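Student: Input: one structure, supplied below.
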């Protein structure tokens, strides 16, 4: 059984591992920078399939330019609701011409987990980045996904293994995480702009 906190923590932890690393460009330039570039704020719904009993999945996300710790960053916030309370977790990263660097994850309880994991912009399929929290992110490659009536070209597909989870994530240019799957069959994915 996946508990609320663990389900969101898993999504956020994996997103941080990657978000703070990065994802995708185009097939032409072989760069992952585009998957974490968000020049404007985008809000979208997320839906979950095969949710374990007692689980409360993320139901919406906001991606774009943000501020964290007094510095300008790119970020993705995840929201989920239990009863009448909405919880929020966020991942923040910086983008440079040579790749992505994680800044921090802010958990639902307000605690901050710093990150400095670097993902080079020229990652190739099969390349692995080891994170500071004993995580391992393997870049699978660029893919096209159709979710919620929208087609995302050149998404970056990563497999992430850390002490708590094994998951696959897809990052889309301008949207960051648009899909995440777990071995249990749980799928959390984009379901339309708000």
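Only the coordinates and a few stated rules stand behind these numbers; no lab work does. Values in this document were obtained by computation on a predicted structure and should not be read as measured data. A quick note on method: Cβ atoms are made from the backbone with ideal geometry, for glycine too, and the neighbour counts reach across all protein chains shown.
Student: Between residue 184 and residue 39, what FRET efficiency comes out of the Förster formula 1/(1 + (r/R0)^6) with R0 = 45 Å and r the beta carbon distance, rounded to 0.05?
Tutor: 0.80
Student: Which FRET efficiency value, to the nearest 0.05, is calculated for residue 113 and residue 193 with the Förster distance at 30 angstrom and r the Cβ-Cβ distance?
Tutor: Efficiency at R0 = 30 Å is approximately 0.55.
Student: Note the full-extension length gain between residue 146 and residue 49 as 0.36 nm times their separation in residues minus their Cα-Cα distance, in nm to one decimal.
Tutor: 33.3 nm
Student: Right, something else. Quick one: length gained pulling residue 128 to residue 84 fully straight, 0.36 nm per residue minus the C-alpha distance?
Tutor: 11.8 nm
Student: In whole Å and largest first, what semi-axes does the C-alpha gyration tensor of the stretch 4-193 yield when each eigenvalue is scaled by 5 and square-rooted? Provide the component values of the computation, followed by the final result.
Tutor: Numbers: eigenvalues 100, 65, 54 Å².
In descending order the semi-axes read 22, 18, 16 Å.
Student: In addition: Pairs of alpha-carbon atoms within less than 8 angstrom and 6+ residues apart define the contacts here; what relative contact order does the stretch 4-193 have, in percent?
Tutor: Values: 540 pairs, mean separation 49.3, N = 190.
The value is 26 percent.
Student: At what distance in angstrom do the alpha carbon centres of the stretch 69-97 and the stretch 129-158 lie from each other?
Tutor: Answer, in whole Å: 18.
Student: Any number yet on Rg/Rh for the stretch 89-147, C-alpha, Kirkwood?
Tutor: When Rh is taken as the Kirkwood radius, the ratio is 1.02.
Student: What is the projected area of the convex hull of the Cα atoms of the stretch 28-140, averaged over all directions, in nm²?
Tutor: 8.9 nm²
Student: Okay, next question. Based on the mean of other beta carbon atoms within 10 Å per residue, what is the order of 127-138, 161-172, most packed first?
Tutor: On the way: 127-138: 16.5, 161-172: 20.2.
Ranked from most to least packed, the peptides come out as 161-172, 127-138.
Student: On full extension of the chain, what length is gained from residue 138 through residue 164, given 0.36 nm per residue of separation minus the C-alpha to C-alpha distance?
Tutor: 7.7 nm
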